[in-house]
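A short worksheet on the structure shown next.
The values are calculated or read from the model by the stated rules, or taken from the named source; none is laboratory data. All values derive from a computational prediction rather than experimental measurement. Here the Cβ positions follow ideal geometry from the backbone for every residue, glycine too, while neighbour counts run over all protein chains shown. The area values use the complete protein model at the heavy-atom level, side chains included, leaving out ligands, DNA and RNA. Shrake-Rupley method; radii C 1.70, N 1.55, O 1.52, S 1.80 Å.
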Amino acid sequence: MKQRVITAVIALILFIPIVLAGGLWMDWLTVLFAAVGISEIFLMKKQILVSFDFLLALLATLTWTVPDSFFKVFPSNITKLGVFYGIIMLFLTWTVLSKNKTTFDDVGVYILAALYIGIGFHYMAAIRAYPQNGLALLGYVFVVVWSTDIGAYMIGRKIGKHKLWPVISPNKTWEGSIGAVICALICSAIYLAILSSFNITFGVSELSMVVLAFFLSIVGQMGDLVESAYKRFYGVKDSGKILPGHGGILDRFDSMLFVLPVVAAILGIVH
């Protein structure tokens, strides 16, 4: 527990100023997170990072993570989707040139991981850059996700009896899951009330944002279960060791990677 607290304090000291600063600082932070995230996929698969596979997977991930404006420096016919598709073609060609040392199944994992991680972290920066109080909106997402995690842990530990999905995550309970949603609703309502007192809004009603918190809490829990599923498949306890006491980047942002794109899609956020 002591190690977890120390890591959390240090991480927040580094993380919060960058979130407050926004702009290129936030863009570079999410690029770093995405790079570490895709490396954790390779390490869970017991694949080496010094490889052509990893280089292509990293490029595919960062293609989605960098701001859309990054591609404006290239000719108009070079788009994010076009670059990504080109990387897919290179990956498939590599299965032939490597004589199936890199298999079709491997490529499928890397491409899916690039989408999952790259798009998820992209929208962390995109939401921060949202002109309609982006910092406060990102804070709202953090409040929903963190209150969900805390509620699930505290309530599940206190009164949890009925297992939610024991094959995937044996410690999670229905009581904890329901309690997590209730906790997210309460905390989001309080957060929105505080913002309202400072005349900070997101262009939609507070009630709509509280209702959204209900769905985001469920989405976040699914993101958590998805990470539990692939960690169990690869036979690992944590996705990485970069955060002592907490695991890896994917361990800390599993719910966020699901929630952030949903928020962006609902509010029509691009970056």
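A few comments on the model shown:
- Cα extents of segment 99-207 along the three principal axes, largest first (Å): 63, 43, 16
- Taking the C-alpha atoms only, the angle from helix 23-44 to the longest principal axis of the chain is near 70 degrees.
- Per residue, the accessible area of segment 90-131 comes to 49 Å², computed with a 1.4 Å probe over protein heavy atoms only.
- If you take the Cα centroid of segment 26-65 and the Cα centroid of segment 146-185, the two points sit 31 Å apart.
- Summarising the overall dimensions of segment 87-144 from its C-alpha atoms, the Rg and Dmax are 17.6, 52 angstrom.
- The relative contact order of segment 143-271 comes to 22 percent, based on Cα pairs under 8 Å that sit 6 or more residues apart.
- Taking a sphere under 15 Å around the Cβ of residue 230 and counting the other residues whose Cβ falls inside, with K and R at +1 and D and E at -1, yields a net charge of -3.
- Judged by the gyration tensor of its Cα atoms, with axes a ≥ b ≥ c, segment 53-131 is oblate; a/c meets the 1.5 cut and b/c is at least as large as a/b.
- Over the chain: helical MRE at 222 nm, DSSP H runs n ≥ 4 each giving -39500 (n - 2.57), nearest 500: -25500 deg cm²/dmol
- Local net charge near residue 80, Cβ-Cβ under 14 Å (Lys/Arg +1, Asp/Glu -1): 0
- Cα-Cα P(r), segment 40-173, percent of pairs per 10 Å interval: 11, 27, 26, 25, 11, 1
- Accessible surface of residue 254 - all protein chains present, 1.4 Å probe, nearest 10 Å²: 10
- Values of log10 I(q)/I(0), in the order q = 0.09, 0.13, 0.15 Å⁻¹, for the chain under a Debye, Cα-only, solvent-free model: -0.45, -0.92, -1.20
- In segment 1-108, the alpha-carbon atoms span a convex hull of 124 Å³ per residue.
- Radius of gyration and Dmax over the Cα atoms of segment 42-85, both given in Å: 12.9, 39
- Compactness ratio for segment 194-233: Cα radius of gyration over 2.2 N^0.38 Å (N = residue count) comes to 1.72.
- Span per principal axis, largest first, for the Cα atoms of segment 230-271 (Å): 37, 22, 13
- Each Lys or Arg adds one and each Asp or Glu subtracts one; over the other residues with Cβ under 13 Å from the Cβ of residue 163, this totals +1.
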